[in-house]
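Let me begin by presenting the structure, written as structure tokens, before commenting on it.
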Amino acid sequence: MARVVILGAGIAGHTAAMVLRRTLPKEHVVCVVSPKPYYNWIPSNIWVGVGRMAREKVVVPLAPIYARLGIEFIQASATEIHPAGNPNHPGPYIVATPTTPGAATESVEVAYDWLINATGPKLRFDRTPGLGPDGGHTHSVCTDRHAVDAATALDAAIQRMKAGERQTLVVGMGHGTCTCEGAAFEYTFNVEHELRRHGVRDLADLVYLTNEAELGDFGVDGLVIRNGGFHTPSSVFAGSFFAERSVQAILGAHVQAIEPGLIRYETLDGVDHEQRYDFAMLLPPFTGVGLKAFGAQGEDITDTLFAPSGFTKVDADYTPKPYEAWKPTDWPSTYRNPTWKNVFAVGIAFAPPHPISRPRTSPRGTVISPAPPRTGMPSASMARAVAENIADMILGRATEPERLSSMANMGAACVASAGSGFWAGNAVAMTMFPIVPDYTRWPGAGRDERFTFGEVGTAGHWIKLVLHHLFLYKARAKPFWWMVPE
Amino acid sequence: MTTKDTPMTTQTYVAKITVPTPTATTLWMRGFLPWQLWRFVWLNLKMLRMISLSHPTRRDPSAPKAP
């Protein structure tokens, strides 16, 4: 009997757990340890954040699903990994602190034979003074509850506009090293759509503040999109949309501090600026969740499992090298820790070898460059591959991970909603293949032009709606869920 | 609602970007249902093809095993 423990029940962790449970015979245990009792389909938080969707529509309670599927569920937050065990606990195990309200808070030890770290990010609002909804002055859509608060604050701003008061709304990135620019882009245009819907667009100054040096970078060094008979850089494609909707853009910005009504930021030219705001939704930078690792004698071996960023080291090439020397083969394909062979990490939890966007610093040395995105579709794809590899090794069908799922060989579809409503909704539908550009296979653009395209229209909004319902259907493990592709 | 004269930035790092903006016909087509239904089908097919290309590949049996 093998025991597979999965830390986290987000898109990656939940996918891994369901695939493993479906693949492994019942004598093997699949156990999920997650601090939250529910799954959150994060891409739809954007609609919650503008008040067009109820929070309940984007969350799914996990316990009933796991009980039905035969997956063990422990509602707890993992804090330590003991990959070699110790004299009192001979096998590998993790330590977790229960998070069920009202329950005992004494740490529990959970033994494992195989471990998948899918803990996602720690939201580092603390990296920028004044950032974030908890003790700061800005809002976020990173979690379902943050999105609900953002919608309330946005509605208050809209009511002030209805009373004739001009408002400045700032959406974007709260630090120079943030990732998930696509989410901020999406929220910007949903807010813009809502302002028009409420008839107050003329009273709003809408500003997109980002660490991207160019519009359309999205943390993937931009794209060259096949569109309208041209190879169009995503900076032009996105820039056109900003111009059309009269959204101002502040590019190459590192937010230094946020005060009530004022954002202080530095730009890539090293100049300090200030931006006034009445409503701001700024995403935080991410790090790993801060798990510690200990050896058999209790010694700290965190550096064998985790990079300084807190993300898990996997089979990537972490050798520091300049942008010109980056290669697609630097990116991991099995997501297995090189020291502890029964430990894997997927989704945001794995440490990328380097960014995808070219690194940039201001003359003062401030890093202002997007971190690589690895959420949504890519995280689910790698989770499935890792789950199937582990199942193969448990069942004796393989001795090594045989399925390779590198972001340098994987595409991504990004459907950025730009307004909800079945008939009036709009979205920017973009796909790229692969995520990590390969300038050897595709000289010039680095990506396959047949599958790197984008367009704007109501059809994109319908796709976004279909994805919402399809992935929540899958998350609920309804009949034939496994037929829904990642 | 073309705003060709609207400044693109509020600061000077990218002082000015000249970008194409959609014509009235393009904007109309973005909401024209028969055209959007066709684009819905076409985009889905393209995405499915891209997803199929993204499926994990099998390790080359002749490749050296990881250390």
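The values are calculated or read from the model by the stated rules, or taken from the named source; none is laboratory data. Please read all numbers here as calculations on a predicted model, not as lab measurements. Note: ideal-geometry Cβ built from the backbone for every residue, glycine included; neighbour counts use all protein chains shown.
Observations
- The residues of segment A:460-476 that are away from chain B (no Cβ under 12 Å) and either surrounded by 21 or more Cβ atoms within 10 Å (Cβ to Cβ) or closer than 17 Å to B:LYS46 by Cβ (or both), listed by number, are A:PHE471, A:LYS474, A:ALA475.
- Looking at A:GLY132, A:GLY70, just one residue is modelled with pLDDT of 95 or more, in contact with a His (Cβ under 9 Å, 6 or more places away or on another chain), on the phi > 0 side of the Ramachandran plot and not hydroxyl-bearing (Ser, Thr, Tyr), and that residue is A:GLY132.
- Scope segment A:152-177; condition surrounded by fewer than 17 Cβ atoms within 10 Å (Cβ to Cβ) and within 12 Å of A:GLU194 (Cβ to Cβ); matching residues: A:ASP155
- Boolean, A:GLY222 is crowded, with 21+ Cβ neighbours inside 10 Å and at the interface with chain B (Cβ under 9 Å from one of its Cβ atoms): no
- Any hit, segment A:280-300, residues being charged (D, E, K, R), under 26 Å from A:SER369 (Cα atoms), free of Cβ contacts under 8 Å to residues at least 24 places away in the same chain and not in a loop (DSSP other than H, G, I, E, B): no
- Scanning segment A:330-384 for residues that are β-branched (Val, Ile, Thr), within 16 Å of the chain's Cα centre (by Cα) and not in a loop (DSSP other than H, G, I, E, B) turns up just one, A:ILE348.
- Identification of strands (runs of 3 or more DSSP E) wholly contained in segment A:11-79 with 3 or more residues that are in contact (Cβ under 8 Å) with a residue 12 or more places away in the chain and surrounded by 24 or more Cβ atoms within 10 Å (Cβ to Cβ) yields A:29-34.
- Just one of (1) at the interface with another protein chain (Cβ under 9 Å from one of its Cβ atoms); (2) in contact with a Gly (Cβ under 7 Å, 6 or more places away or on another chain); (3) under 21 Å from A:LEU169 (Cβ atoms) fails for A:ASN211. It is (1).
- When residues in segment A:211-239 are screened for being out of contact with any helix residue (DSSP H, G or I) (no Cβ under 6 Å at 6 or more places or on another chain) and outside any helix (DSSP H, G or I), 13 of them pass.
- As a summary of the residue check, A:PRO443 satisfies the conditions (1) touching a residue at least 12 places away in the same chain (Cβ under 8 Å); (2) over 22 Å from B:LEU45 (Cα atoms); (3) not acidic (Asp, Glu) except for the one numbered (1).
- When each of A:GLY457, A:GLY411 is tested for being within 9 Å of chain B (Cβ to nearest Cβ), crowded, with 21+ Cβ neighbours inside 10 Å, at pLDDT 90 or above and over 22 Å from the mean Cα position of the chain (by Cα), the lone residue that passes is A:GLY457.
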